[in-house]
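Asker: Here it is, the structure, as structure tokens.
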Amino acid sequence: MKKPIKKQKAVLIILLSNIFIAFLGIGLIIPVMPSFMNIMHLSGSTMGYLVAVFAVAQLLMSPFAGRWVDRYGRKKIIIFGLFLFGVSELIFGVGTNVSVLYISRILGGISAAFIMPGVTAYIADITSVQERAKAMGYISAAISTGFIIGPGIGGFIAEYGVRLPFFFAAAIAFLACFSSIFILKEPLTKEQLAEISAKTKQTNFISDFKRSLNPHYFIAFIIVFVLAFGLSAYETVFSLFSDHKFGFTPKDLAAIITISSIFGVVVQVFMFGKMVDILGEKKMIQLCLIIGAILSVASTVVSNFLGVLLVTCLIFLAFDLLRPALTTFLSKAGGKEQGFVAGMNSAYTSLGNIVGPAMGGILFDVNIHYPYLFAAVILLIGLGITVMWKEKQLAESFAE
């Protein structure tokens, strides 16, 4: 019998803190990147490649990390991921040439591939099916909160040195790693891990992707890709679009993103679980895709600050609710293979994060409205795919 979430506060807090710290570390460096770019004399394309290589490393490592979560245990993978994240931030902070920065970003992508499935699988193990949606909502809220707070803290710390945010990120990662060693306990026994590991074949990137094509998971994984693709395409051009069309200042953009993110976090924490209970995962996912598509089109016709703020708040909320709804569905469908499912979830997210920004940037050069219209089309395609979900298939997935 699994304990209620209320009786596992300490474990849940440390797990959510690990996710929060990872994304706080990523957010910390956002405001200092332009200054860092000037100090290192880096081109815009190089900065773009440094962003892309993180996602590529996460994509390639995710299937392996997912299997290792099932084979070696959740706790070990989480701790290793946090340690690697701290090392990557430290290397970036002391880096004086581009090759060192690439190594740092590759290590960062690998660490993200370890942390995400490790924490997701751990929480799936210790929560009941009834409380799973609430727990996954907490994970999404921790991610969003890290992104909200990160840039603000990074900007403040950078006043004392442009490299200091990287060292701060490394310090909190090592602190989280150290505390996890003593607070977390492996949720599965050696026998349970051995049983799960025995049922899976030798880890292979291609074979894992083939397994993810199983109808049992595939439609949900495609929606994961569509979400990451559409959201990253939208977010990549948001600041450029707002600057070109409205002449918004960085302060205006920061206000819009911060208010939208806080609104999304509040709804995730206090309302997401109840909404899933009422609608169910499938209807929740479909509703978010419809709202996201409509608001992507609306983004091309709004003409003032309040209009942009309202549309952005609602579209970010739709994306913020869609992510944990998908994660909840996958965790229920995954049965005992939580590591594999969480790893592939991370892999498909990374794939969308690689392709989405590239397409968004290309379309922006053609017409500033095209990325938003393109995102709307992608989300509608995702909606069409969810129609293929059969209730019987969902029931079989949940029964596992």
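The values are calculated or read from the model by the stated rules, or taken from the named source; none is laboratory data. Note that the structure is predicted; figures quoted are calculated from it, not measured. Positions of Cβ are generated from backbone atoms using ideal geometry, with glycine treated the same way; all protein chains shown enter the neighbour counts.
Asker: Looking at I362, I385, which is the one that is hydrophobic (A, V, I, L, M, F, W, C), surrounded by fewer than 19 Cβ atoms within 10 Å (Cβ to Cβ) and out of contact with any helix residue (DSSP H, G or I) (no Cβ under 6 Å at 6 or more places or on another chain)?
Answerer: Sole residue among the options that is hydrophobic (A, V, I, L, M, F, W, C), surrounded by fewer than 19 Cβ atoms within 10 Å (Cβ to Cβ) and out of contact with any helix residue (DSSP H, G or I) (no Cβ under 6 Å at 6 or more places or on another chain): I362.
Asker: Among (1) of a type outside the set (D, E, K, R); (2) within 16 Å of V302 (Cβ to Cβ); (3) modelled with pLDDT of 75 or more, where does G264 come up short?
Answerer: Failing condition for G264: (2).
Asker: Let me ask something additional. Among the listed residues D243, D277, identify the single one that is more than 22 Å from the chain's Cα centre (by Cα), farther than 23 Å from V377 by Cβ and at pLDDT 75 or above.
Answerer: From the options D243, D277, the qualifying one is D277.
Asker: Suppose we keep only residues that are under 26 Å from the mean Cα position of the chain (by Cα) and not small (G, A, S) within the range 146-161. Which one would you say is modelled with the highest pLDDT?
Answerer: Step by step, filter the range 146-161, then rank; the result is I157.
Asker: A further question follows. Would you be able to say whether some residue in the range 59-67 is surrounded by 23 or more Cβ atoms within 10 Å (Cβ to Cβ), basic (K, R) and touching a residue at least 12 places away in the same chain (Cβ under 8 Å)?
Answerer: yes
Asker: Kindly establish whether A228 is touching a helix residue (DSSP H, G or I) at 6+ places or on another chain (Cβ under 9 Å), closer than 29 Å to L90 by Cα, modelled with pLDDT of 70 or more and not acidic (D, E).
Answerer: The answer is yes for A228.
Asker: Looking only at the range 40-61, decide whether some residue is at positive phi and either at pLDDT 70 or above or of a type in the set (S, T, N, Q) (or both).
Answerer: Checked against the condition, which is being at positive phi and either at pLDDT 70 or above or of a type in the set (S, T, N, Q) (or both), the range 40-61 yields at least one hit.
Asker: From the set of residues in the range 263-315 that are in contact (Cβ under 8 Å) with a residue 12 or more places away in the chain and of a type in the set (D, E, K, R), which is nearest to T386 (Cα to Cα)?
Answerer: K282
Asker: Right, another one. Among the residues of the range 176-188 satisfying the criterion of being more than 22 Å from the chain's Cα centre (by Cα) and assigned to a helix (DSSP H, G or I), which is nearest to F92 (Cα to Cα)?
Answerer: Filtering the range 176-188 for residues that are more than 22 Å from the chain's Cα centre (by Cα) and assigned to a helix (DSSP H, G or I), the one nearest to F92 (Cα to Cα) comes out as F178.
Asker: Please find, within the range 342-351, the residue that is nearest to F54 (Cα to Cα) out of those that are at pLDDT 75 or above and more than 11 Å from the chain's Cα centre (by Cα).
Answerer: Here the answer is L351.
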